[in-house]
Amino acid sequence: MCRYILRNKKYFIGTLCTSLFAGVVPLFLAYVIQLISDVAFNNHFEKAGTCLFASVLFLVYTLMTTSINSIMKSTYRKKLKTDLGEDLYSSLMNQSYSMFKKEKIGNQLSLFTNDIKMVDEYYFYPILSMIVDIIVSVIILIYILRIHVFVGFMMVVIAVATLLVPKMMEKRLKKYSNQLSSYSGIYNSKLKEIFQNFDIILDLGVLKQFVDKGKEWIENMEYKQRNVNMAISLTGNWANCIAATFQLIFMLVIGLMILYGHLDMIYMMPIVNVSNNFISNLNDISSNLAGFKSVSDVNSKLLNIIDSHGQANKFVSNYDGNIYLEHVSFGYTESKMIIDDLSFKFEKGKKYGAPVRCS
């Protein structure tokens, strides 16, 4: 799927830049908190004007960057989904008729109603978010290391422990996503068949049976969707629990360092603020990584379909209004041909007819 990101490099780079500007908002806030803490704890009242200016600038910066970033993200996702959908549609339409009929209509519809949606939700958007979260987390880590090396080391330990969770859930995530993708095609085919034959169902008096069957299919579909959501949610929750446990230890150590004079009091609130955002970024990375791994097989399926079908159906170009038959043959058996190697031009605007033999 990287081909679609590379095809839309301008959208990707633009969205990445605005996301980074929005992502460093917590660091800006930490700086403002540090200024306020310095005024409050060290009685540096001459810096009050600087605090007020920084606070106003922070509000303006936050509103501008988050608003622009929301617009860019929506445009980026729309472009990627459109390109993927158009390529998939063109590939399916370029199959030979025999190849097209081998697959059920419901399976083909599921590619657009389910699989593309999964790729957007668990691949296109997460890959951008993960890049931003990683960069912002590194910037936060550098900021913490400048304050105190040991505090930075503790945050690295939290990061490693949190990011191990998606690896443990990888197989289960793939399994549930593949089950959802496969059943979605069956589900669409069954519902389409029922709706198309509704009159026959009424005439035969078997409506109740099909209503019960439909409820069963809907329940199965939602069950498989629930499995995917549950696996991704559990991955995020477990990562969150691990991170929260380490954060409690982290805050206890920070308190002891301040108590014994190894860390200045003015850094307490900034560290608390950026550490919360650091943990939040790690949780997002963990959840996105879980979703990213879950759709790897779905990605491969869509790309295989797009790449496997050539131009089996030729598009008409430069049509001059005439109809040409070239070396056309037809017969119910090979031994008795009705039309044998016929070449003819039907000219635009003329009328053609064939004699009818009456017995």
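The values are calculated or read from the model by the stated rules, or taken from the named source; none is laboratory data. A quick note: this is a predicted structure, and the numbers were derived from the prediction, not measured. Every residue, glycine as well, gets a Cβ built from its backbone with ideal geometry; the counts of neighbours run over all protein chains shown. These area figures cover heavy atoms from the full protein model, side chains too; ligands, DNA and RNA do not enter into them. Shrake-Rupley method; radii C 1.70, N 1.55, O 1.52, S 1.80 Å.
Going through (1) 20.8; (2) 26.0; (3) 21.6, the figure that equals Kirkwood radius over Cα pairs in Å as computed for the structure here is (2). Taken over region 259-306, the percentage of Cα pairs per 5 Å bin, counting from 0 up to the bin with the maximum distance, is 5, 17, 12, 12, 11, 10, 8, 7, 6, 5, 4, 3, 1.
Give, rounded to the nearest 20 debye, the magnitude of the charge dipole that the chain has about its Cα centre when Lys and Arg contribute +1 at Cβ and Asp and Glu contribute -1 at Cβ.
Details: 36 positive and 28 negative charges, 126 e Å.
Around 600 debye, computed over the chain.
Connecting C-alpha atoms closer than 10 Å in a GNM of the chain, tell me which of 133, 297, 115 has the biggest fluctuation. Judging by the Gaussian network model, the answer is 297.
Mind checking the dipole of region 1-102: about its Cα centre, +1 per Lys or Arg Cβ, -1 per Asp or Glu Cβ, Debye to the nearest 20?
Details: 12 positive and 5 negative charges, 167 e Å.
Roughly 800 debye, rounded to the nearest 20.
Derived scalar couplings between HN and Hα for region 172-183 equal 5, 4, 4, 4, 5, 5, 5, 5, 5, 4, 5, 5 Hz in order, rounded to whole Hz, by the Karplus curve 6.51 cos²θ - 1.76 cosθ + 1.60 (θ = phi - 60°), x for Gly and Pro. Less than 5 angstrom separates the built amide H of residue 342 from those of 327, 328, 329, all sequence-distant by 5 or more or on a different chain. Computed with every protein chain present, the accessible area of residue 219 is close to 130 Å² [probe 1.4 Å].
For region 66-198, the Kirkwood radius over C-alpha pairs fed into Stokes-Einstein at 25 °C and 0.890 mPa s yields D = 131 µm² per second. 3J(HN,Hα) along region 274-279, derived from phi through the Karplus expression 6.51 cos²θ - 1.76 cosθ + 1.60 where θ = phi - 60°, amounts to 6, 5, 4, 5, 4, 5 Hz, with x in place of Gly and Pro.
Report the far tail of the P(r) of region 1-108, meaning the percent of Cα-Cα pairs longer than 22 Å. Summing the P(r) of region 1-108 above 22 Å gives 58 percent of all pairs.
The relative contact order of region 168-279, computed from alpha carbon pairs under 8 Å that lie at least 6 residues apart in sequence, is 33 percent.
Rounded to the nearest 0.05, the FRET efficiency derived from the C-beta distance between residue 164 and residue 211 at R0 = 51 Å is 0.60. Of the residues 71, 237, 195, the one whose Cα sits farthest toward the positive end of the charge dipole of the chain, with +1 on the Cβ of Lys and Arg and -1 on the Cβ of Asp and Glu, is 195. Mean residue ellipticity at 222 nm, helices only, the chain: -25500 deg cm²/dmol; runs of at least 4 DSSP H residues each add -39,500 (n - 2.57), and the sum is divided by the number of residues.
Sorted largest first, the principal axis extents computed over the alpha-carbon atoms of region 157-215 equal 68, 17, 13 Å. In plain terms, if you count all Cα to Cα distances in region 151-282 and split them into 5 Å steps from zero, the share in each step is 2, 9, 14, 12, 10, 8, 7, 7, 6, 6, 5, 5, 4, 3, 2, 1, 0, 0 percent. Considering only 138, 298, 24, give the residue with the highest GNM mean-square fluctuation for the chain, with springs between Cα atoms whenever their separation is below 10 Å. Sorting by GNM fluctuation, first place goes to 138. Here the Karplus relation 6.51 cos²θ - 1.76 cosθ + 1.60, evaluated at θ = phi - 60°, turns the backbone of region 281-295 into coupling constants of 4, 5, 5, 5, 4, 4, 5, 5, 5, 5, x, 4, 6, 5, 9 Hz, with x for every Gly and Pro.
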